[in-house]
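Asks: Sharing a structure here in structure tokens format.
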Amino acid sequence: MSSSIPTKDAKIELTGIEKRFGKKTVLNGLSLTVPKGKSLVVIGGSGSGKSVMLKCILGLIKPEKGRIRVDGKNMLKATTQEREKVLTKFGMLFQNAALFDSLAVWENVAFGLIQGRNMKRAEAKEIAIEKLGRVGLTPDVGELYPAELSGGMQKRVGLARAIATDPEIIFFDEPTTGLDPIMADVINNLIVDSVRDLGATALSITHDMASARKIADYIAMIYKGEIIWAGPRDEIDRSGNPYVDQFINGRADGPIKMDVLKP
Amino acid sequence: MNPLAVIGRVVISALGETGRLSVFTWRGLSHVVRPPFYWRLIAQQMLRIGYFSLPVVALTAFFTGGVLALQIYHGSDQFNSESIVATIVALGITRELGPVLGGLMVAGRASAAIAAELGTMRVTEQIDALTTLATNPFKYLVVPRIIAAMVTLPLLVFVGDVLGIFGGFVVGTQSLDFNAGVYIKTTSDFLELEDITSGMIKSAVFGLIIAMLGCYHGFNSKGGAQGVGRATTNAVVASSILILASNYVMTSLFFSS
Ligand SMILES: Nc1ncnc2c1ncn2[C@@H]1O[C@H](COP(=O)(O)OP(=O)(O)OP(=O)(O)O)[C@@H](O)[C@H]1O
Ligand SMILES: [Mg+2]
């Protein structure tokens with residue numbers, strides 16, 4: 001592995017993560033560093049373990065092996081209270097949004113403020129409406145329920161919820177999937193702003209290379225449960241790695257074989 | 001296949017399930033006594049589990065009281081039947097039938113609803129989302145349901161007691177030609193506070209069982225719509241059986257001396 005992400009000033013450090021589901025190994029000794037205040041984008045094929053990696057960091061899935069450090073703190077050894085405290089630093093956009101369907105849209109966005117930070121409902125609602133505005137949703141959408149929204153709108157509400165508490169660390173699992181190209185670019189800008197203006201550390205997953213090029217400081221590629229290449233954004237085109245080249249150019253032929261039946 | 005191996009596997013998986021349920025219950029109860037408390041959610045759950053079960057429990061108790069009166073009347077030798085009917089209806093309802101039938105009815109309603117709701121939240125990652133929003137799913141989802149069920153079930157059963165006895169009274173006075181005054185006097189003479197409180201204590205335990213099994217099966221459901229369906233069924237079946245079993249244990253404890 002030719003890793004060229006600086007390892008000093010790391011916000012998140014994954015070392016040798018292994019995760020199996022039954023007999024299937026999903027993460028196979030994965031190591032990755034996310035530098036503080038930077039935006040790292042992870043690319044990789046469908047089913048390669050990207051979402052599982054994020055969930056391991058958040059403690060939603062326990063890996064069998066490896067070490068996860070957030071701000072130098074070992075998350076796998078932390079007590080529940082310690083982990084809960086660290087989790088207040090996080091914002092997470094789930095791949096399928098995972099909105100609370102029993103709560104109105106604005107309550108979803110305000111959730112972290114009301115429950116996590118004990119903010120007054122009225123005050124939290126104002127912030128929620130403002131965040132909804134930043135993802136291109138009008139205040140009246142705030143009164144609807146998640147089931148009344150389109151897929152792309154749900155994704156944007158999920159985004160607004162992830163950034164509502166101005167977290168130090170934000171995870172975006174496919175932020176632009178399901179959005180039209182213009183809205184996708186609005187979201188890209190939002191992510192860039194969050195990192196640049198708020199100084200947040202971002203870890204995103206995407207299949208959309210245009211988005212990756214726009215939001216990333218660093219890019220890493222995951223293949224068969226390992227990081228096979230990592231480096232600054234501008235170096236991805238001359239990675240010299242055939243797997244990376246095939247992926248970023250979207251070619252069916254190459255070292256990565258898709259298990260599809262030909263007629 | 002070796003039949004012993006099959007039995008062994010079944011026993012081991014049953015023990016494993018019991019162990020996991022015990023750990024889950026312990027975790028749930030340990031959070032009940034630690035802040036923060038979500039009062040809003042507790043109130044909401046009381047409404048859903050308690051208030052909305054009121055009609056079902058009331059009707060069940062009323063008809064049970066009535067049918068009990070009929071059966072005892074026809075089963076006894078008619079001599080002195082007035083006081084026998086009144087006594088047995090009152091004791092039967094308050095000690096056993098009120099709490100047990102009430103508990104079973106609420107198990108069907110609330111345990112299923114809890115398992116379906118939490119199961120759906122599990123498979124759509126909403127429970128994971130709670131964690132990432134620095135909210136403990138046990139505190140936010142499990143604790144309000146435990147508290148609501150444990151508080152409202154005894155109240156429901158109390159209402160059931162009153163209506164069950166009233167059901168016996170209606171049948172007794174309307175179709176068996178009992179004297180209303182004598183019926184009421186016999187009931188109040190024979191009924192003791194303990195009969196009512198023992199039933200209410202039982203029903204608090206049933207409330208715990210209902211909330212716990214609904215939450216447990218919901219939390220552990222996986223695999224989409226089918227998984228949620230399975231969780232719902234399991235929650236109702238398991239909570240009903242546990243209600244009947246624990247009722248036996250409690251009756252033998254309360255009334256043995
Ligand atoms: N809860 C689970 N139980 C069993 N297997 C799982 C579970 N979650 C994920 N997997 C498996 O882990 C592998 C990686 O899943 P993951 O969701 O991380 O993929 P991904 O890289 O995010 O893909 P995509 O780009 O399609 O979202 C998949 O093969 C999946 O089958
Ligand atoms: Mg994914």
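Asks: Only one of (1) crowded, with 16+ Cβ neighbours inside 10 Å; (2) away from ligand 2 (no atom under 16 Å from the Cβ); (3) farther than 21 Å from A:LYS11 by Cβ fails for A:SER211. Which number is that?
Replies: Every condition holds for A:SER211 apart from (2).
Asks: Here's a follow-up. Please state which of the following conditions A:ASN118 fails to meet, knowing it meets all the rest: (1) at positive phi; (2) within 14 Å of chain B (Cβ to nearest Cβ); (3) within 16 Å of ligand 2 (Cβ to nearest atom).
Replies: (3)
Asks: If you don't mind, there's one more thing I want to ask. Within the range B:44-58, work out how many residues are open to solvent by 50 Å² or more (accessible area, probe 1.4 Å) and in contact (Cβ under 8 Å) with a residue 40 or more places away in the chain.
Replies: Final tally of qualifying residues: 6.
Asks: When only residues in the range A:26-73 that are in a loop (DSSP other than H, G, I, E, B) and within 16 Å of ligand 2 (Cβ to nearest atom) count, which is surrounded by the most Cβ atoms within 10 Å (Cβ to Cβ)?
Replies: Top of the filtered list is A:GLY49.
Asks: Something else about it: Go through the range A:90-110 and report how many residues are within 16 Å of ligand 1 (Cβ to nearest atom) and open to solvent by 30 Å² or more (accessible area, probe 1.4 Å).
Replies: 2
Asks: Pick from the range A:180-218 the residues that are away from chain B (no Cβ under 14 Å), within 16 Å of ligand 1 (Cβ to nearest atom) and not polar (S, T, N, Q): which of them is nearest to B:THR131 (Cα to Cα)?
Replies: A:ILE205
Asks: Would a scan of the range B:226-238 turn up a residue that is open to solvent by less than 30 Å² (accessible area, probe 1.4 Å), over 22 Å from B:THR94 (Cβ atoms), in a helix (DSSP H, G or I) and in contact with an Asp or Glu (Cβ under 8 Å, 6 or more places away or on another chain)?
Replies: no
Asks: Within the range A:5-25, how many residues are within 24 Å of A:ASN188 (Cβ to Cβ) and either of a type in the set (Lys, Arg) or part of a loop (DSSP other than H, G, I, E, B) (or both)?
Replies: The number of residues fulfilling the criteria is 3.
Asks: For the range A:33-75, what are the residues that are within 14 Å of ligand 1 (Cβ to nearest atom), over 23 Å from B:LEU130 (Cβ atoms) and more than 14 Å from the chain's Cα centre (by Cα)?
Replies: Answer for the range A:33-75, where residues must be within 14 Å of ligand 1 (Cβ to nearest atom), over 23 Å from B:LEU130 (Cβ atoms) and more than 14 Å from the chain's Cα centre (by Cα): A:GLY45, A:SER46, A:GLY47, A:SER48, A:GLU64.
Asks: Any residue at all in the range B:147-165 that's of a type in the set (Asp, Glu), crowded, with 19+ Cβ neighbours inside 10 Å and either without any contact (Cβ under 8 Å) to a residue 12 or more places away in the chain or under 24 Å from B:LEU59 (Cβ atoms) (or both)?
Replies: The answer is yes; a qualifying residue exists.
Asks: Continuing with the same structure: Name the residues in the range B:82-98 that are among the charged types (D, E, K, R) and either over 19 Å from the mean Cα position of the chain (by Cα) or open to solvent by less than 20 Å² (accessible area, probe 1.4 Å) (or both), would you?
Replies: If the condition is that a residue be among the charged types (D, E, K, R) and either over 19 Å from the mean Cα position of the chain (by Cα) or open to solvent by less than 20 Å² (accessible area, probe 1.4 Å) (or both), then B:GLU82 is the only one that fits.
Asks: Okay, next question. Can you tell me which condition A:ALA164 does not meet? The list is (1) touching a Lys or Arg at 6+ places or on another chain (Cβ under 6 Å); (2) within 16 Å of ligand 1 (Cβ to nearest atom); (3) closer than 12 Å to A:ASN108 by Cβ, and all the others hold.
Replies: Of (1) touching a Lys or Arg at 6+ places or on another chain (Cβ under 6 Å); (2) within 16 Å of ligand 1 (Cβ to nearest atom); (3) closer than 12 Å to A:ASN108 by Cβ, only one is false for A:ALA164: (2).
Asks: How about the range B:166-192: which of its residues are surrounded by fewer than 18 Cβ atoms within 10 Å (Cβ to Cβ) and under 22 Å from B:MET250 (Cβ atoms)?
Replies: B:PHE190, B:GLU192 - these are the residues of the range B:166-192 that are surrounded by fewer than 18 Cβ atoms within 10 Å (Cβ to Cβ) and under 22 Å from B:MET250 (Cβ atoms).
Asks: Quick check: anything in the range B:193-203 open to solvent by 70 Å² or more (accessible area, probe 1.4 Å) and within 17 Å of the chain's Cα centre (by Cα)?
Replies: Yes, the range B:193-203 has at least one match.
Asks: Moving on. Tell me, which helices (runs of 4 or more DSSP H) wholly within the range B:43-150 include 1 or more residues that are within 14 Å of chain A (Cβ to nearest Cβ)?
Replies: B:112-123, B:126-132
The values are calculated or read from the model by the stated rules, or taken from the named source; none is laboratory data. These numbers come from a predicted model, not from an experiment. Because the Cβ atoms are built from the backbone with ideal geometry, glycine has one as well, and the counts that use them run over all protein chains shown. Just so you know, the surface numbers come from the protein's heavy atoms only, side chains and all, with ligands and any DNA or RNA stripped out. Shrake-Rupley method; radii C 1.70, N 1.55, O 1.52, S 1.80 Å.
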